[in-house]
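For reference, the structure is listed below as structure tokens.
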Amino acid sequence: MSNFCMHCGTMLGDDEKFCPNCGAKAEVEKTEVKEEPVVVNNTQTVNTNASQAGVAPKTNGLAIAAMVCGIVGIFIANLWLGIIALSLGIAAKNKLKIFPEQKGKGMATAGIVLGIIDLALAVLGFIITLVAYSIF
């Protein structure tokens, strides 16, 4: 019998109190392993049996943050939130390639697109300010 994290599906040791992958408290579900976990980049373990173990796929937190920063960035702090949304969106897309069982691909894409729009609005605002003050 093996233990799996209820949040990300990573295989846990019997004595672990927190998941080494996502940091969540080790709420475990005991199940039998039919396949060995796949090691990605020698640092992260992906459980190929996560859906079979009854673990619901979670939404990627970076994707959510990217989308929120992109939306808020349209209204305030275009430049800074645009850069953050773009960075988080790209990071979320990369993490979703490693953990395909997670949801949030559309949110990560929205964060990237909104981040680009935020940056474009910041540049447009800067140009309008330059033109307005150079005329007077």
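Restricting everything to alpha-carbon atoms, can you work out Rg to Rh for segment 61-135 with a Kirkwood hydrodynamic radius?
We get a ratio of 1.16 for segment 61-135.
Calculate, for I98 and V72, the FRET efficiency according to 1/(1 + (r/R0)^6) with r their C-beta to C-beta distance and R0 35 Å; round to the nearest 0.05.
Working from the Cβ atoms, E equals 0.80.
Read-outs: derived from the displayed coordinates by stated rules, not from any lab. Everything numeric here is computed off the predicted structure, so don't read it as measured data. All Cβ positions, even for glycine, are placed from backbone atoms using ideal geometry, and neighbour counts span all protein chains on display.
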